[in-house]
Amino acid sequence: MHVLLFKVSCQLIHIDPLVSHVIEGESLLLSVETHFPLDKADIQGTWSYTMISGTKSRMLVTFTKENVITDMTYGDHLVFRESNLSLEIKNLKRDDEGDYHLSLNIKLHNQTGSIIKEEKTVLVTVDVPVSNPVIEKSPSYAVIEDKANVTWTCSVEKGTRVKFKWFRDNVALGASDRYHFSQDSATLLISPVRKEDKGSYHCVASNPVTAGQHSRAVELIVYYGPYNLEVNSGQGLRTGEVFTINPGEPVFFECQADSNPPNSYVWISKSSNGTDIIAEGPLLEVRSYKLAQAEEYLCRAFNNVTQKQDEAQFTLVVASLGTGKEKHTQEGSSVSPLAITVCSLFAIGFMVLFFLRRTCHPKREQKRPHRSGHEDAKEDFGIYEFVSIPGKMESAQASCRSLARLESIQDMHTTIYDVIRHVPETPSHSLLK
């Protein structure tokens, strides 16, 4: 009794690729590369076919080195090439797709008693190319945000195993809480529609034998708004919602909001007596000489389609802003000019008072144990004169001792005085008594 040993190998034959996508009506060659000399080996093998569903299997070709048997029902549909064991399938139809399996037993002449078994399987798919897709939108007219849904459909006349992709403004779309796709993505439902959904939509259809076919673009128009309402002006100074302008200066305001279709605008003046509509449209002109010190205004934007509105309130103040260097100083510094003036006058007054006290009470070189108060009379001897600065002010005379007792220097804020002392060379005895 002879015992045959089977050895499984993946090196003696090779098939590439293992998956083939074929257009219906074309031919396919399942090419086999043999890595052993056919003339120095005995072979026995089969080519078989199994449907993708796995429900049906059929033997196509049985072969040895000497004989080849082909299933007669296929006729000229199959061609077996004995030189390299390849199989050609002609005029492929949709029913021809499935798994094609090569099973081969190899007995090399230089390896007695050993049989090598090789098996390879190739998946073959047969498809119809995709035609140009057609895109449709329902409803076909413009829609109002938050009040409507939109359904997009993409269809093709020809094509098998078609896959669809959706794009808005050339950006791919994916599923979300408002974007819902059918199983094959042929349908896209947007529910509800929002402002950000507006744009140009198109679909792309593809399958294993078609890279991708683009549909025409269809615009989705969405009515929305108003959003982001703003009031702006190129004149005056703005702080938050307060505009300050110079007296007599005309000022122009512009009211803007994001909306489709464009908003209608009204301008309203607010006062303690009520409100008055003073203008319509996006622009307002106000002449400051007709204003009181401050007035409140309101811009109201209304979308006639969405029936939504928004308001922006602001205050207009009439005050002198200055021009040129003055205005620049005011904007660049938070210190008031009045405060600077007051501080300067106070500093000057303090310096004058200090000077007068030093003049009236010079520093003593020696400390006296007791003073009665009359001893200063000799030291204070002389004639004192107050001279106003500038020189146009009238002069006044006063006692230095009485001046030292003054507690208020309010007059120093307006007039600056200097003290001149005149000492006679020989004082009179009568003045010293």
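The values are calculated or read from the model by the stated rules, or taken from the named source; none is laboratory data. All of these numbers come straight from a predicted model, not from anything done at the bench. In this analysis, Cβ positions are derived from the backbone assuming ideal geometry, glycine residues included, and neighbour counts consider all displayed protein chains. Each accessible area value is taken on the protein alone, full model and side chains, heavy atoms only, with ligands, DNA and RNA left out. Shrake-Rupley method; radii C 1.70, N 1.55, O 1.52, S 1.80 Å.
Using 0.36 nm per residue, how much length does the chain from Thr121 to His35 gain when fully extended, once their Cα-Cα distance is taken away?
Roughly 29.2 nm would be gained on extension.
With +1 assigned to the C-beta of every Lys and Arg and -1 to the C-beta of every Asp and Glu, and no other charges, what is the dipole magnitude of region 225-318 about the Cα centre in debye, to the nearest 20?
100
Just to be sure I understand: if I project the alpha-carbon convex hull of region 212-253 onto a plane and average over all orientations, what area do I get in nm²?
One quarter of the hull surface, i.e. the mean projection, equals 6.4 nm².
Over the alpha-carbon set of region 113-212, work out the extent along each principal axis and list the three values in angstrom, largest first.
Extents along the principal axes: 82, 28, 20 Å.
Among Thr151, Phe181, Val193, which residue has its Cα furthest toward the positive end of the charge dipole of region 134-220, with +1 on Lys/Arg Cβ and -1 on Asp/Glu Cβ?
About the Cα centre, the residue reaching furthest to the positive side is Phe181.
Can you give me the % of accessible surface on region 223-271 that is carbon or sulfur? Probe 1.4 Å, all protein chains present, nothing else counted.
Carbon and sulfur together cover 50 percent of it.
Per residue, how many Å² of accessible area does region 6-80 show with a 1.4 Å probe?
Ligands and nucleic acids excluded, the figure is 63 Å² per residue.
As an exercise, use a Förster radius of 25 Å and the Cβ-Cβ distance of Glu157 and Val218 to find the FRET efficiency, rounded to the nearest 0.05.
0.85
Which entries in the list Lys137/Lys165; Lys56/Lys90; Lys65/Lys120; Lys165/Lys308; Lys198/Lys308 go over 25 Å, if you measure between the two C-alpha atoms of each?
Over 25 Å Cα-Cα: Lys165/Lys308.
Along its principal axes, what span do the Cα atoms of region 225-318 show, with the longest given first and each in whole Å?
41, 29, 19
What does the extension gain come out to for Glu254 and Tyr179, with contour length at 0.36 nm per residue minus their alpha carbon separation?
Value of the extension gain: 23.2 nm.
Suppose every Lys and Arg Cβ carries +1 and every Asp and Glu Cβ carries -1, with no other charges. What dipole size does region 13-127 come out with about its Cα centre, to the nearest 20 debye?
That gives region 13-127 a dipole magnitude of about 340 debye.
Can you give me the distance in nm between label points at Arg194 and Val171, each placed 7 Å from the Cα along the Cα-to-Cβ direction?
Spacing of the two 7 Å Cα→Cβ label points: 1.2 nm.
Fully extended, how many nm does the chain gain between Glu311 and Met59 (0.36 nm per residue separation, minus their Cα-Cα distance)?
Roughly 82.6 nm would be gained on extension.
Could you tell me which trypsin sites (Lys or Arg not before Pro) in region 180-233 are loop residues by DSSP with no more than 13 other beta carbons within 10 angstrom of their beta carbon?
Hits after loop and neighbour filter: Arg194, Arg216.
Which one, Val134, Met72, Ser53, projects farthest toward the positive side of the charge dipole computed for region 49-144 from Cβ point charges (K/R +1, D/E -1)?
Ser53
For a protection proxy built on the mean count of beta-carbon atoms within 10 angstrom, sort 96-103, 174-181 highest first, please.
Per-residue mean Cβ counts within 10 Å order the peptides as 96-103, 174-181.
What ranking do 135-148, 258-271 get when scored by the average of other Cβ atoms within 10 Å per residue, highest first?
Per-residue mean Cβ counts within 10 Å order the peptides as 258-271, 135-148.
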